[in-house]
Structures are given as C-alpha cells and as structure tokens.
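The values are calculated or read from the model by the stated rules, or taken from the named source; none is laboratory data. All of these numbers come straight from a predicted model, not from anything done at the bench. We place every Cβ from the backbone using ideal geometry, glycine too, and count neighbours over all the protein chains shown. Please note that ligands, DNA and RNA were not included when accessible areas were found on the heavy atoms of the full protein model with its side chains. Shrake-Rupley method; radii C 1.70, N 1.55, O 1.52, S 1.80 Å.
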Amino acid sequence: GGGRCNVMHDTSKPIERLLQGYPRGNKELSGMYHKRFTPSQARQWFQDHGVTLKTEADGRMFPTSDSSQTIIDALLDAAGRAGVQVCTQQKVVGVQTSAA
C-alpha cells in the first residue's frame, strides 16, 4: 500500500452495503460485523484511542495523519494496556488465553 492504512470503509453505510465490497470474505465479515464488532464500533474504538479518521470520496477511511504509524501506535498501545505480549520475528507454536 501507500503507507496510509485504509482501516475501513464509510461507516455511514449499512453493513450489507459494506459487505458487497468483499465478495470473497462476505460470509466471514458478516458474522463478525453482526456478532462481534460493527464498523461503527470500530470507528468509535479508534476515536477513543486518539485516532481521528477521515472518509475519502470513494468511501475509504484513513487516519487524518495519513500515516499507518498512527494506527500501529494505537493498536500497540491498546495491546500493551491489555497485557498482550507482542513478540516479533518469532515462530508461533500455539496460542493460549489466561483465565479471566
């Protein structure tokens, strides 16, 4: 990509319309959007974490900084606050969750 991080599509459109843009992942995204985290909730999450998003004429949404680093910083900060250990250049041999 161009380094700006197209994080999502225009959240003012209905979910069904958004899904039309993802013919190969429509089924998977539909379940996620309806059961887990809607596009509007994702936009709010970024806003709550200090990331202001802008919507371009074609509906793509980018951070107003036009830098993917803004998204990376927000995600890493949230992961750190949640106690997630981020390991780079490592082979993943398993994933475990801790008891809440």
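Scanning the range 34-44 for residues that are in contact (Cβ under 8 Å) with a residue 12 or more places away in the chain and either within 12 Å of the chain's Cα centre (by Cα) or open to solvent by less than 60 Å² (accessible area, probe 1.4 Å) (or both) yields THR38, PRO39, SER40, ALA42, ARG43. Reported count of residues in the range 5-33, each being open to solvent by less than 60 Å² (accessible area, probe 1.4 Å), part of a loop (DSSP other than H, G, I, E, B) and either basic (Lys, Arg) or modelled with pLDDT of 80 or more (or both), is 5.
Okay, residues lined up against (1) surrounded by 10 or more Cβ atoms within 10 Å (Cβ to Cβ); (2) farther than 18 Å from SER12 by Cβ; (3) more than 12 Å from the chain's Cα centre (by Cα):
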{"residue": "THR55", "(1), (2), (3)": "yes, no, yes"}
{"residue": "ARG60", "(1), (2), (3)": "yes, no, yes"}
{"residue": "THR64", "(1), (2), (3)": "yes, no, yes"}
{"residue": "ALA74", "(1), (2), (3)": "yes, yes, no"}
{"residue": "GLY83", "(1), (2), (3)": "no, yes, yes"}
{"residue": "THR88", "(1), (2), (3)": "no, yes, yes"}
{"residue": "GLY94", "(1), (2), (3)": "no, yes, yes"}
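Scan the range 66-87 and tell me whether some residue there is modelled with pLDDT of 95 or more, assigned to a helix (DSSP H, G or I) and either touching a strand residue (DSSP E or B) at 6+ places or on another chain (Cβ under 8 Å) or at positive phi (or both). There is at least one residue in the range 66-87 that is modelled with pLDDT of 95 or more, assigned to a helix (DSSP H, G or I) and either touching a strand residue (DSSP E or B) at 6+ places or on another chain (Cβ under 8 Å) or at positive phi (or both).
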